[in-house]
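Accompanying notes for the structure given below.
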Amino acid sequence: MTVAGPDERVVVVTGAGRGIGRAIAERFATAGAKVAVVDVDADLADDAASSITAGGGTATPVVLDVGADEATVAAAVRSVVDVLGGISVLVNNAAVMGSALSGADLDFATTSREVWMETLAVNLAAPAIVAKHVLPSMLAAPPDRVIVNIGSAGAHFGDSFNVAYRSSKAALETLTKAMAVSHGPQGIRVVGVAPGVTLTEASKAQSGPAGLDMHRRTRLTEEAGRPEDTAALVQWLASPEARYAQGQMFLLDGGMNAVPPWRAAR
């Protein structure tokens, strides 16, 4: 997938300090965009932005917990506009799994209300709230205005763990449609990408060698996904070439959702 010409838009990427978010930020910056590297971890945000700048790109770090109160989110968005200008692209990538801060995200009978509330706040409510405050700038921006929500292939099936995470990502698919219906007529495209198993530091730590081998046997590609794979699709979806893509989530899972249960069991 290629994007013709330099991309001079302002792009906001949440959860951009590492993993998929960082790969997305770097890809847009390489194409010429001015990127706001948003992350809850100041050191990660600074490192990613500094790396982009050192490579000749334009980036500014923004420290933000996307699950914070709405006033804090609004202030962070205003700071991006003040520094970089009007926002044309928002990538809602930040998410929690596990749940990262308050304990285990297991099955519905053992997952606490605290885990549910934290997961939904970051994975579902935050993309809506961040987009809400980006929207005024986006409506005033030049053409090619796009919101990309990062979902998960895991939203398409159940399991005995990560019930809150899977549920939040499934709800994000409907939110993507709702956002598209609300603002598509105003020239804003809203799409999503649902990656399958992607080799990030977090996924390696969570799955371990045995888990990664199990995932290998349940997909159709030999290699697992890389952050760069998701970044490439996100960049294309945000480009004029994807003008007809609207209100839908694109699976990027190495064929995992196509594999019948009896094949995976062999």
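The values are calculated or read from the model by the stated rules, or taken from the named source; none is laboratory data. Computed from a prediction, not measured in an experiment: that's the story for all the values here. When we count neighbours, we look across all protein chains shown, and the Cβ atoms used for this are built from the backbone with ideal geometry, even at glycine.
Counting only strands (runs of 3 or more DSSP E) wholly contained in the range 1-79, the ones carrying 3 or more residues that are farther than 26 Å from Gly196 by Cα and hydrophobic (A, V, I, L, M, F, W, C) occupy 58-63. Being touching a residue at least 12 places away in the same chain (Cβ under 8 Å) and hydrophobic (A, V, I, L, M, F, W, C) is the requirement here; does Ala54 meet it? No.
One line per residue, one yes/no per condition, for (1) surrounded by fewer than 21 Cβ atoms within 10 Å (Cβ to Cβ); (2) within 25 Å of Leu233 (Cβ to Cβ); (3) at pLDDT 95 or above; (4) not hydroxyl-bearing (Ser, Thr, Tyr):
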| site | (1), (2), (3), (4) |
| --- | --- |
| Val91 | no, yes, yes, yes |
| Ser102 | yes, no, no, no |
| Phe108 | yes, no, no, yes |
| Trp116 | yes, no, no, yes |
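For every residue, the table says whether it meets (1) of a type in the set (Phe, Trp, Tyr); (2) outside any loop (DSSP other than H, G, I, E, B); (3) under 28 Å from Val130 (Cβ atoms); (4) modelled with pLDDT of 95 or more.
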residue	(1), (2), (3), (4)
Ala170	no, yes, yes, yes
Thr176	no, yes, yes, yes
Val191	no, yes, yes, yes
Ala210	no, yes, no, no
Met214	no, yes, no, no
Glu223	no, no, no, no
Glu241	no, yes, yes, yes
Gln246	no, no, yes, yes
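Residue count for the range 227-244, restricted to those that are surrounded by 18 or more Cβ atoms within 10 Å (Cβ to Cβ) and out of contact with any helix residue (DSSP H, G or I) (no Cβ under 6 Å at 6 or more places or on another chain): 6. With respect to the stated conditions, Asp107 is of a type in the set (D, E, K, R), without any contact (Cβ under 8 Å) to a residue 60 or more places away in the chain and not in a helix (DSSP H, G or I). Residue pairs whose Cβ atoms lie under 8 Å apart, separated by 6 or more positions or on different chains, with the first residue in the range 18-43 and under 18 Å from Arg78 (Cβ atoms) and the second buried (at least 24 other Cβ atoms within 10 Å of the Cβ) and charged (D, E, K, R), are Lys34/Arg9; Val37/Arg22.
Taking the range 150-167 as the range and being closer than 23 Å to Ala245 by Cβ and either of a type in the set (A, V, I, L, M) or at pLDDT 95 or above (or both) as the test, the residues that pass are Ile150, Gly151, Ser152, Ala153, Ala155.
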